[in-house]
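S.K.: Take this structure, written in structure tokens, and hold onto it; I'll ask about it next.
The values are calculated or read from the model by the stated rules, or taken from the named source; none is laboratory data. As the structure is a prediction and not an experimental result, all values here were calculated from the model. Cβ coordinates were reconstructed from backbone atoms using ideal geometry, including for glycine residues, and neighbour counts include every protein chain displayed.
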Amino acid sequence: MPETLGVGSRAAFYEKTGAYRDMVVTHLMQILAFVAMEPPTSLAPEPITEEKNKVLRSLRPLDPDWVVRGQYEGYTSEPGVDPHSSTETFVALRNEIDNWRWSGVKFYLRTGKRMGDGDGPRQGQHAVLAR
């Protein structure tokens with residue numbers, strides 16, 4: 001989920017949250033659950049939620065070696081951002097689902113601010129914070 005914008009007026013929120021909590025555990029995990037779920041018994045909310053929850057319960061624990069965090073160039077100069085911040089504005093990770101259908105399949109999730117629109121070169125550079 002590349003974004004073209006930086007944090008803008010959301011710096012106070014983003015400093016407390018970062019890319020992982022802002023995007024991965026909310027939006028991207030929902031997409032992962034929709035992609036990997038079994039067909040629900042009906043298109044009603046409860047059966048869909050039940051199938052998504054099966055996927056989420058089957059996620060293997062996240063291995064820190066499967067995670068890369070980064071920060072776009074200039075993030076610490078944004079108004080409201082701590083100049084010594086280690087908040088990630090980019091995160092990429094690998095997930096695995098421990099069930100019969102997805103055994104051995106790797107799911108890669110990636111999101112970041114100032115990454116461009118996916119059609120051309122990235123707008124900003126991201127320095128790796130931790131691996």
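S.K.: What are the pairs with Cβ atoms under 9 angstrom where one residue, in region 102-114, is farther than 16 Å from Val68 by Cα and the other, located anywhere, is surrounded by fewer than 17 Cβ atoms within 10 Å (Cβ to Cβ) and at pLDDT below 95? Sequence gap at least six, or different chains.
M.R.: Arg114/Pro2; Arg114/Thr4; Arg114/Leu5; Arg114/Glu73; Arg114/Gly74; Arg114/Arg122; Arg114/Gln125
S.K.: Shifting gears a bit: Under 6 Å between Cβ atoms, at least 6 apart or on separate chains: pull out the pairs that start in region 21-42 with a residue that is among the β-branched types (Val, Ile, Thr) and end on any residue that is part of a helix (DSSP H, G or I) and surrounded by 12 or more Cβ atoms within 10 Å (Cβ to Cβ).
M.R.: That search, which allows pairs on different chains as well, returns Thr41/Pro47.
S.K.: In addition: Val128 versus (1) at pLDDT below 95; (2) under 18 Å from Val7 (Cβ atoms); (3) touching a strand residue (DSSP E or B) at 6+ places or on another chain (Cβ under 8 Å); (4) among the β-branched types (Val, Ile, Thr): which is the lone unmet condition?
M.R.: Only one criterion is unmet by Val128, namely (2).
Here is a yes/no grid of residues against (1) outside any loop (DSSP other than H, G, I, E, B); (2) surrounded by fewer than 13 Cβ atoms within 10 Å (Cβ to Cβ):
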residue	(1), (2)
Ser9	yes, yes
Met23	yes, no
Thr26	yes, yes
Glu46	yes, yes
Leu56	yes, no
Asp82	no, yes
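S.K.: Identify all residues within region 73-97 that are farther than 18 Å from Leu28 by Cβ and hydroxyl-bearing (Ser, Thr, Tyr); write none if there are none.
M.R.: Within region 73-97, Tyr75, Thr76, Ser77, Ser85, Ser86 qualify.
S.K.: Within region 84-98, take every residue that is among the acidic types (Asp, Glu) and assigned to a loop (DSSP other than H, G, I, E, B) and give me the one that is farthest from Asp22 (Cα to Cα).
M.R.: Among them, the one singled out is Asp98.
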